[in-house]
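Each value in this text was obtained by applying a stated rule to the coordinates, not by laboratory testing. Only a predicted model underlies this, so the values are computations on that prediction, with no experimental measurement involved. A quick note on method: Cβ atoms are made from the backbone with ideal geometry, for glycine too, and the neighbour counts reach across all protein chains shown.
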Amino acid sequence: MSKTLTVDGIEYPLDTQKTLLENLESQAIKVEFHCRDGHCGACRCALLSGKVNYISYPMAYVREKDILTCCSQSDNDIKISTY
Amino acid sequence: MAYTTFSKIANDAMKEPMFFGNPVNVARYDQQKFEVFEKLIEKQLSFFWRPEEIDVSRDRIDFMNLPDHEQHIFISNLKYQTLLDSIQGRSPNIALLPIVSLPELETWIETWSFSETIHSRSYTHILRNLFTDPSEVFEDIVTNEEIQKRASDIAGYYDALIHAVQFMQLHGLAKQESIDYINLDGLKEKLSLRSIKKKLYLCICSINALEAIRFYVSFACSFAFAERDLLEGNAKIIKLIARDEALHLNSTQQILNLWADGKDDPEMAEIALECFAEGREIFLQAAEQEKEWAEYLFKDGSMIGLNKEILCQYVEYIANQRMQAIGYEAPFEVKTNPIPWINHWLVSDNVQVAPQEAEISSYLVGQINSKVDSDDLSSFEL
């Protein structure tokens, strides 16, 4: 069964092989990004439900319940909200 | 407490706060209280570059062909960047190294400041190429009123901290009945460790505003020229500088957030609350000054793709982003990036410096002859 990515209440299909940022971009959702490497923190989003796996070390300061979309993937349904 | 280059106190660095604990002794990196600073060092070292690697020889022709008001924008912007990096190339070392207590943070500060000196060297590289004698440009930095206005604001927080720490390390804080502390405004001030920590907090806020807002406003101007295929060598250098700056602003965000979230010195957590309004004011003030700067840049006219209004919107946009990253509310209305193209210049992994790759776009354009005459088709038969 295909997985879903819910952004600000709207559901989109989730490609588990891509980072969340790439998922957002492939759905033409305008989101902020700078370094795409986890160190600038520009792509920070709030995690409402679900879990992410970081494919590289998230160097920017992430508070609890925050995620960096540029360096994370998800294997399952996930809900996030943009800032 | 006097500064010592090698403290003989057998302390556990894992239990020290970031600042104002025991002086650092053994420079060891096998263990870190805050791993992120070690990661930052590694990343910064992997980013190492030299300005001479980048060919800026074409920029002179582009610059000569710019109209006067665009030359003013370009040169003023470069002067401002030179000022910012002149400050950053020395100040973190002088202000923060005497009070740091974690070996990984100490080395990060040195690595950080060193990379800023490379930025300073690259401005000379750029200017040397644009002018036969760049002295006039450099000399104007200390006399130009518009630049001076921001210089004193940025340097002020550093200087206040450095001055107070020097007094503390020379005289200690216990003997203030017999030795008065006269601050930089010439006034007598009662110093305590807490009041010096406050100066440190405000100083880090001011550094963060510098690296996270002020620099990005100047980057926008540099990249706006390159979006028109002008001064591309300069933009390539600025791209490398921007990649470094993302790391630097990350480190000051880390410090501020670690304090505010109570993960470091508990007294700093209290100070973060106490100075919340003052810290916010530093960011708002920086944003305001950058808008005034935009006014000065575009005083004689705007350029294609960028004008005063757009740059001011970007100031507000980036200020919102940066303030949210350290726990403040976004103070400005603007919700979307007025210059979304800038993000593609800020991606860290596609920095391209080889000249043959850079020139490809213009090379291809030259191959296409768009004029087709009917004579060209005269030999065709149907």
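Of all residue pairs spaced 6 or more apart or on separate chains, those with beta-carbon atoms under 8 Å, a first member in the stretch B:323-351 that is more than 9 Å from chain A (Cβ to nearest Cβ) and surrounded by 15 or more Cβ atoms within 10 Å (Cβ to Cβ) and a second member that is of a type in the set (S, T, N, Q) and assigned to a helix (DSSP H, G or I) are B:PHE332/B:ASN320; B:VAL334/B:GLN313; B:VAL334/B:ASN320; B:PRO338/B:GLN313. Counting only strands (runs of 3 or more DSSP E) wholly contained in the stretch A:20-83, the ones carrying 2 or more residues that are over 16 Å from B:LEU247 (Cβ atoms) and in contact (Cβ under 8 Å) with a residue 24 or more places away in the chain occupy A:44-49, A:78-82.
For the stretch B:217-228, the count of residues that are within 12 Å of another protein chain (Cβ to nearest Cβ), closer than 24 Å to B:ARG90 by Cβ and touching a residue at least 40 places away in the same chain (Cβ under 8 Å) is nonzero. For the stretch B:11-45, filtering for residues that are assigned to a loop (DSSP other than H, G, I, E, B) and not hydrophobic (A, V, I, L, M, F, W, C) leaves 14.
Screening the stretch B:13-34 for residues that are out of contact with any Ser or Thr (no Cβ under 8 Å at 6 or more places or on another chain) and within 11 Å of B:LEU102 (Cβ to Cβ) and picking the one that is surrounded by the most Cβ atoms within 10 Å (Cβ to Cβ) gives B:LYS33. Are any residues in the stretch A:38-60 facing chain B (nearest Cβ under 9 Å) and surrounded by fewer than 22 Cβ atoms within 10 Å (Cβ to Cβ), and if so, which ones? Matches in the stretch A:38-60: A:TYR57 only.
For the residues B:LEU191, B:LEU184, B:LEU170, the requirement of being part of a helix (DSSP H, G or I) and aliphatic (A, V, I, L, M) singles out B:LEU170. Quick one: in the stretch B:36-58, of everything that is free of Cβ contacts under 8 Å to residues at least 12 places away in the same chain and among the charged types (D, E, K, R), which residue is surrounded by the fewest Cβ atoms within 10 Å (Cβ to Cβ)? For the stretch B:36-58, the residue satisfying everything is B:GLU42.
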